[in-house]
Amino acid sequence: MFAYIEGKVSELTPTYVVVDCNGVGYFIHISLHTYAAIKDTEKAKILTHHIVREDAHLLHGFSSEHERKLFLHLISVSGVGANTARVMQSSMSPQELTDAILSGNANKIQSVKGIGAKTAQRVIVDLRDKVAKEDWSAAIASSEISSTGTHKDEALSALVMLGFNRAAAEKALQNILKINPSLSSELMIKEALRML
């Protein structure tokens, strides 16, 4: 329904962005990868995929065509829904996830929270041929990671919105900050996703 939405970024968190397009604010679910790509911009063009459920109409957004195509492949796998695909894309870059699928690295895919051995194998079996046929030559959007004072709060908010228990997420973030207190919110979330 919507190929992309372009406009002013009026609200941005590690799990969603609100894009103001001619006075209409579109709430778009994003991965940590997309957050990193657009976090320092005032205007953004977000590629989208519209999901219609019985109880909701959801927009999922992506910073690159590679990420969107990978998301569409992931949600085509039995047992992998939109939220699981978003967690997978928050845990690994699109290129890392593509490489894991192509090389059959089930352990790397299984390291994502909520992905068991059977689901990891299913992702590889179902997607290896599809992913191999795709033209991934388009550059993956990337951005530098900068630091602000609210990293822990952003990371905690993102983990809770991804469905993790607040207390468990907070404990994981505290442990991460003891080891490396200068991590950005994106890196904190990635580390926490491995621990939870």
Would you confirm, using the coordinates I've provided, whether residue 20 is at negative phi, modelled with pLDDT of 95 or more and not in a helix (DSSP H, G or I)? yes
Considering the stretch 52-107 alone, what residues qualify as being touching a residue at least 40 places away in the same chain (Cβ under 8 Å), open to solvent by less than 70 Å² (accessible area, probe 1.4 Å) and hydroxyl-bearing (Ser, Thr, Tyr)? 63, 64, 76, 90, 91, 93
Consider residue 24 against the criteria (1) crowded, with 16+ Cβ neighbours inside 10 Å; (2) without any contact (Cβ under 8 Å) to a residue 40 or more places away in the chain; (3) of a type in the set (A, V, I, L, M, F, W, C): it satisfies all of them except one. Which criterion is unmet? (1)
Residue ID - surrounded by the fewest Cβ atoms within 10 Å (Cβ to Cβ), chosen from residues in the stretch 31-51 that are out of contact with any strand residue (DSSP E or B) (no Cβ under 8 Å at 6 or more places or on another chain) and among the hydrophobic types (A, V, I, L, M, F, W, C): 37
Unmet criterion (only one of (1) farther than 22 Å from residue 49 by Cβ; (2) modelled with pLDDT of 80 or more) for residue 123: (1)
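The values are calculated or read from the model by the stated rules, or taken from the named source; none is laboratory data. Since the model is a prediction, treat every value here as computed from it, not as a measurement. All Cβ positions, even for glycine, are placed from backbone atoms using ideal geometry, and neighbour counts span all protein chains on display. Please note that ligands, DNA and RNA were not included when accessible areas were found on the heavy atoms of the full protein model with its side chains. Shrake-Rupley method; radii C 1.70, N 1.55, O 1.52, S 1.80 Å.
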